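The values are calculated or read from the model by the stated rules, or taken from the named source; none is laboratory data. Not measured: the values here are computed from a predicted model. Please note: Cβ atoms are built from the backbone with ideal geometry, for glycine as well, and neighbour counts cover all protein chains shown. Note: accessible area is taken over every heavy atom of the protein model, side chains too, but ligands, DNA and RNA are not part of it. Shrake-Rupley method; radii C 1.70, N 1.55, O 1.52, S 1.80 Å.
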Amino acid sequence: MDAALPAPPAELSVPAAALLALPPSLGPVRLVAVDGHAGSGKTTFTGRLAAALGGAPVVHLDDLATHEEPFGWTERLRAGVLEPLARGVAGRHPVYDWTARAFTAERAVPVAPVVLLEGVGAGRREVRPHLAALLWMELDPAAARARGQLRDGPELAEFWAGWSRAEDAHFAADPSRPHAALRVDGVTGRISGSTLSEPGGPVLTCDIIRI
């Protein structure tokens, strides 16, 4: 494991092992999506799961989305990530700078036993056929937005208003939650709805300050 990574949380060892035991879904890769409302704890949970998987690569959809097209990233994901991994070669995708409002960098996505796809809409219908598993962060939309606004501060209130409208429209047309075999409580961290969960007890505490 990369020495810079945090120690893998022992409480996620069972779900991590179960994910590794799934059949590949995209070439040699098990593509696992972590979806949920903005502010629900996806990034924190995905980072800990990646560590438990020994440093699994993570594709953040915030890197592929833009101000103008918050959900218009499917072609960038297909060309830069899905198609290369399906051929068994590393992917590479552009990275959007939300301050400069432009794509200013690129990020490699190596072939690995599990690659995590994290972000709002990660379980959308165009992506689902390529997934080995879909995880949903279970947190009420209003609570998730309040958490996100607390994290980002009042200066981004206008952005959040626009984002919330776009997110509501996306999930109304293309809901991910009904297709998730595994749900993670965004407050307690309990995993439910799948044999990936460990019987009883939380596997993660999603600290609202850190998310």
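See the values below:
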{"item": "Among residues of region 88-109, those that are over 13 Å from Asp62 (Cα atoms) and within 18 Å of the chain's Cα centre (by Cα), counted", "result": "4"}
{"item": "Sole residue being under 15 Å from the mean Cα position of the chain (by Cα), buried (at least 22 other Cβ atoms within 10 Å of the Cβ) and modelled with pLDDT of 95 or more, chosen from Leu85, Leu31", "result": "Leu31"}
{"item": "Residue tally, condition open to solvent by less than 10 Å² (accessible area, probe 1.4 Å), farther than 25 Å from Phe103 by Cβ and in contact with an Asp or Glu (Cβ under 8 Å, 6 or more places away or on another chain), over region 37-65", "result": "1"}
{"item": "Single residue of region 13-27 satisfying the filter (open to solvent by 50 Å² or more (accessible area, probe 1.4 Å), at pLDDT below 95 and of a type in the set (A, V, I, L, M, F, W, C)) that is nearest to Val127 (Cα to Cα)", "result": "Ala17"}
{"item": "Candidate set from region 66-82 (those that are open to solvent by 10 Å² or more (accessible area, probe 1.4 Å) and of a type in the set (A, V, I, L, M)); member that is farthest from Pro178 (Cα to Cα)", "result": "Ala79"}
{"item": "Neighbours by Cβ (under 6 Å, 6+ apart or cross-chain): first from region 35-60, touching a residue at least 60 places away in the same chain (Cβ under 8 Å); second open to solvent by 20 Å² or more (accessible area, probe 1.4 Å) and in a strand (DSSP E or B)", "result": "Thr46/Val58; Ala50/Val58"}
{"item": "Among (1) part of a helix (DSSP H, G or I); (2) touching a strand residue (DSSP E or B) at 6+ places or on another chain (Cβ under 6 Å); (3) over 19 Å from Thr188 (Cα atoms), the one test that Thr46 misses", "result": "(3)"}
{"item": "Selected residue [more than 14 Å from the chain's Cα centre (by Cα), over 16 Å from Val34 (Cβ atoms) and not hydroxyl-bearing (Ser, Thr, Tyr)] from Ala79, Ala112", "result": "Ala79"}
{"item": "Matching strands (runs of 3 or more DSSP E) fully within region 69-171 where at least 2 residues are of a type in the set (A, V, I, L, M, F, W, C) and within 25 Å of Leu26 (Cα to Cα)", "result": "102-109, 114-118, 133-138"}
{"item": "Residue identified as modelled with pLDDT of 95 or more and either open to solvent by 50 Å² or more (accessible area, probe 1.4 Å) or in contact with a strand residue (DSSP E or B) (Cβ under 8 Å, 6 or more places away or on another chain) (or both) among Glu126, Glu138, Glu158", "result": "Glu126"}
